[in-house]
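A short worksheet on the structure shown next.
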């Protein structure tokens, strides 16, 4: 069992028979009444994000999770397909459940597939990835008032991010996967 005071971002809990991943949580102690915990949870089965409030000290069944290194093969519009590099066993996960992670994953990339109670449920990507810019408008000198400025760029995975004006097609950029923000040239 896991109590609300043991919550950590990324933990998985079982709430009324449904497995959720804790994205954010905040302990709240109002001046009047009992303390409670405000959470943002992602349902493991389909990726929906909900806000839920629990009383402080409430207990939940903790969920057995295991991460396995797998190779991302391809995505066919409904499922994302992965292969275990040691046993060559293939599996698929509904694309809607892992859509955010797929924005930063190229075919044949090694990723950690998260198994919840023995079932594949989520894909864990590194904190930052290096990807090539495949399409962006050329940045012109004098486009900005203060010297800074950004423009949209499409990466090799299909994700679109904002990059500085000096980035061109073919440049490799480092991107923070949690927020989708440009970090630096690679």
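The values are calculated or read from the model by the stated rules, or taken from the named source; none is laboratory data. Values in this document were obtained by computation on a predicted structure and should not be read as measured data. Cβ coordinates were reconstructed from backbone atoms using ideal geometry, including for glycine residues, and neighbour counts include every protein chain displayed.
Of the conditions (1) assigned to a strand (DSSP E or B); (2) surrounded by 12 or more Cβ atoms within 10 Å (Cβ to Cβ), residue 101 clears all except one; give me its number. Residue 101 satisfies all of (1) assigned to a strand (DSSP E or B); (2) surrounded by 12 or more Cβ atoms within 10 Å (Cβ to Cβ) except (1).
Among the residues examined, residue 44 does not qualify as modelled with pLDDT under 90, surrounded by 12 or more Cβ atoms within 10 Å (Cβ to Cβ) and out of contact with any helix residue (DSSP H, G or I) (no Cβ under 8 Å at 6 or more places or on another chain).
Can you work out which of the residues in segment 121-135 that are under 15 Å from the mean Cα position of the chain (by Cα) and in a strand (DSSP E or B) is surrounded by the fewest Cβ atoms within 10 Å (Cβ to Cβ)? First the steps, then the outcome.
Initially, segment 121-135 is screened for residues under 15 Å from the mean Cα position of the chain (by Cα), giving 121-129.
The next check asks that each one be in a strand (DSSP E or B); those that pass are 121-124, 128-129.
On the way: 121: 23, 122: 21, 123: 23, 124: 13, 128: 15, 129: 21.
Here the answer is 124.
In segment 1-96, counting only strands (runs of 3 or more DSSP E) that sit wholly within it, the ones holding 3 or more residues that are assigned by TED's automatic domain parsing to the domain that holds residue 109 and over 17 Å from residue 117 (Cα atoms) span 65-75, 79-84. From the list 27, 64, the one residue that fits, being surrounded by fewer than 16 Cβ atoms within 10 Å (Cβ to Cβ), touching a residue at least 24 places away in the same chain (Cβ under 8 Å) and out of contact with any strand residue (DSSP E or B) (no Cβ under 7 Å at 6 or more places or on another chain), is 64.
Would it be correct to say that residue 156 is modelled with pLDDT of 85 or more, on the phi < 0 side of the Ramachandran plot, exposed (fewer than 14 other Cβ atoms within 10 Å of the Cβ) and more than 16 Å from the chain's Cα centre (by Cα)? Taking the combined requirement at face value, the residue satisfies it.
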